[in-house]
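Each reported figure results from applying straightforward, stated rules to the coordinates on display, with no laboratory input. Just so you know, these numbers come straight off a predicted model, no measurement behind them. Reconstructed Cβ throughout: ideal geometry from the backbone, glycine too, with neighbour counts over all protein chains shown.
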Amino acid sequence: MKKILIANRGEIAIRVMKTAKKMGIKTVAVYSEADRNAPHVRFADESVCIGEAPSNKSYLLGDKIIKEAKKLNVDGIHPGYGFLSENANFSELCEKNNIIFIGPKSKSIRMMGNKLAAKDAVKDYNIPMVPGVDRAVTAPKEASEIAREIGFPILIKASAGGGGKGMRIVEHEKDTEEQMARAISEATSAFGDGSVFVEKYITSPRHIEIQVLADSHENVLHFFERECSIQRRHQKVVEEAPSSILTPELREEMGQAAIKVAKSCDYLGAGTVEFLVDSNLNFYFLEMNTRLQVEHPVTELISGVDLVELQIKIARGEAISIKQEDLKINGHALELRVYAEDPMNDFLPSVGNLSTYKIPVGEGIRVDDGFEEGMDIPIYYDPMLSKLITYGKTRNEAIQLMIKAIDNYKVEGAKTTLSFGKFVCQHEAFISGNFDTHFVKNYYTPEKLQAGLEEEAKIAALVALKIYLEDQKKLRVPLTN
Ligand code: MV4
């Protein structure tokens, strides 16, 4: 592979290009009219404009991207995350055009993109699943019968859904039929597929996922877990590796389950298997994400591998040269997603011009970003500015370093979630490791964030006053002498 095109923008486009450069592979950036001057364009060896600002007129145009790739003699396309990354038709289109899609085969994407198909694929592999039904239910009455069997609360999920869309919790039997009807109609209008299924609702789970990699020589490895329970409305905010609740035995068990999920769909490349873990440490397979994930850096830091490099080698047909028993967890990594959103105002997007943008630097700090000082934040795309990642020998070291890095991250011109990240890192429940997916809902209010900021300002004022008084004393010494 001599040249790859990155069908993405922002931090992930740059992240992929960095590894390609390291491997001596030429890079091609694609960009929309809104991204003409974006850093990912300048970072690439070549670049091509693919359309107007809205993503359905640029970054989502698979045909157009392939046409440009062929013109430029591109050997492979890396899709990053989002956009075309889990589009089975695009993966297929690449294959048909003799361009290597750096990711799984279209068949695996299609299978895992449908939750009922995924359940069906893994059913002979003895993977723990949430109690429920693994077939489409369309009649509200039928759902009521199932619910009575598994017991309330239940969760109705859309088979084609994702990111919490099309999910409904039902606490009481009397609400079942009404909620079923709503879920079906919601799924039909959102996904064009009204299939739903029913599961027992796990009330206070943790969300833990396992990174897997599979090559074309029958090797499937796992790269441990990421703890992703700190999320807000299905948007992850803080991720870490390893999870503080897994024992080595449970980690091994979940790792082996994840490997089996990958095998069940004939997986190739990097993927993530999502699990729920309940308060008794039972784990249940949820779904598989067939892409490189936003939070992949925490895995890279604790395992010492470059996941993008392995993706590219696998796409070239090479075998993974690492053995499972050689992989060890080293240290602890945290990632904070820094969004251009206002935590004081219901996390509303806060776009503007980044008049000040200075990232923290130092040992154990990694910032993956696609922005620079003076840039306008485009309104058309995801408002994530960067990923602030810290690494330490222990969890506590990584947390303390994160707090310090947040303090040294200077952004003006847009509100960001940096202060919110600090709130999480200073919260007792987070520090003790005693939290679940309801952390933000249970503990966060803008008032608490405000109180923390005021406290900090007061301390800063006191420190300033103390320094001032001490300076005065020093100055007076020679005078009074
Ligand atoms: C669940 C669940 C509880 N019980 N399934 C949310 C998105 C999708 N990936 C699956 N999700 C959930 N499925 C059962 N049977 C709770 C969630 C869930 C969740 C999962 C992971 C991370 C954050 C979450 C937030 C709310 C609900």
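Here are the numbers:
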{"quantity": "Residue pairs, from the table K105/K410; K26/K107; K200/K404; K2/K323, whose Cα atoms sit over 31 Å apart", "calculated": "K105/K410; K200/K404"}
{"quantity": "A461/H234 FRET efficiency (R0 30 Å; Cβ-Cβ; nearest 0.05)", "calculated": "0.15"}
{"quantity": "Residue among A258, T299, S58 farthest towards the positive dipole end of the chain, charges placed on Cβ", "calculated": "S58"}
{"quantity": "Residues whose placed amide H lies under 5 Å from that of F275, excluding near-sequence neighbours", "calculated": "I208, E209, I210, L286"}
{"quantity": "Binned Cα-Cα distances of the stretch 206-443, short to long, each 10 Å bin given as a whole percent", "calculated": "7, 32, 34, 21, 6, 0"}
{"quantity": "Phi-based couplings in Hz for the stretch 343-359 (Karplus 6.51, -1.76, 1.60; Gly and Pro marked x)", "calculated": "x, 7, 9, 6, 6, 5, x, 10, 9, x, 9, 6, 5, 10, 8, 10, 8"}
{"quantity": "Dipole magnitude of the chain about its Cα centre (Cβ charges: Lys, Arg +1; Asp, Glu -1), debye to nearest 20", "calculated": "1020 debye"}
{"quantity": "Residues V196, V338, V220 arranged by fewest to most Cβ contacts within 10 Å", "calculated": "V220, V338, V196"}
{"quantity": "Proportion of all alpha-carbon pairs of the stretch 162-208 beyond 13 Å (%)", "calculated": "60 percent"}
{"quantity": "Only Lys, Arg (+1) and Asp, Glu (-1) charged, at Cβ; the stretch 393-481 dipole about Cα centre in debye", "calculated": "280 debye"}
{"quantity": "Calculated over the stretch 3-102: convex hull of Cα atoms, volume per residue (Å³)", "calculated": "80 Å³"}
{"quantity": "Peptide ranges 234-246, 449-461 listed from the most packed, as the mean C-beta count within 10 angstrom indicates", "calculated": "234-246, 449-461"}
{"quantity": "Helical contribution to [θ] at 222 nm, DSSP H n ≥ 4, -39,500 (n - 2.57), averaged over the chain, rounded to 500", "calculated": "-11500 deg cm²/dmol"}
{"quantity": "Amide H partners (placed H, <5 Å) of S47, local residues excluded", "calculated": "A29"}
{"quantity": "Approximate spin-label separation A117-E454, in nm, with each point projected 7 Å along Cα-to-Cβ", "calculated": "5.4 nm"}
{"quantity": "The stretch 359-481, relative contact order [Cα under 8 Å, separation at least 6], %", "calculated": "18 percent"}
{"quantity": "Gained length - T203 relative to D471, 0.36 nm times residue gap less alpha-carbon distance", "calculated": "90.8 nm"}
{"quantity": "Bridge type composition, the chain - antiparallel percent by DSSP, nearest 5", "calculated": "80 percent"}
{"quantity": "Derived scalar couplings ³J(HN,Hα) [the stretch 104-116; Karplus, 6.51 cos²θ - 1.76 cosθ + 1.60; whole Hz; x for Gly, Pro]", "calculated": "x, 5, 4, 4, 5, 4, 4, 4, 7, x, 10, 5, 5"}
{"quantity": "In order through the stretch 31-39: 3J(HN,Hα) via Karplus (6.51 cos²θ - 1.76 cosθ + 1.60), integer Hz, x for Gly, Pro", "calculated": "8, 8, 4, 6, 10, 3, 9, 6, x"}
{"quantity": "Mean-position separation - Cα centroids, the stretch 100-134 and the stretch 7-60, in angstrom", "calculated": "31 Å"}
{"quantity": "Overall form of the chain per C-alpha gyration tensor (a/c, 1.5; a/b vs b/c)", "calculated": "oblate"}
{"quantity": "Principal semi-axes in Å for the stretch 259-298 [√(5λ), Cα gyration tensor, largest first]", "calculated": "20, 15, 7"}
{"quantity": "Footprinting exposure proxy for D382, D326 (fewest neighbouring C-beta atoms within 10 Å first)", "calculated": "D326, D382"}
{"quantity": "Set K96/K157; K328/K358; K18/K358; K64/K313; K422/K473; K21/K123 screened for pairs whose C-alpha atoms are more than 30 Å apart", "calculated": "K96/K157; K328/K358; K422/K473; K21/K123"}
{"quantity": "Label-point separation, K57 to D306 (7 Å along Cα→Cβ), nm", "calculated": "3.7 nm"}
{"quantity": "Under 5 Å, built H, 5+ apart or other chain: amide partners of I77", "calculated": "L5, I100, F101, I102"}
{"quantity": "Whole-number percent relative contact order across the chain, with pairs defined as alpha carbons under 8 Å at least 6 apart", "calculated": "13 percent"}
{"quantity": "Virtual spin-label span in nm between M23 and N219, 7 Å along Cα→Cβ", "calculated": "1.4 nm"}
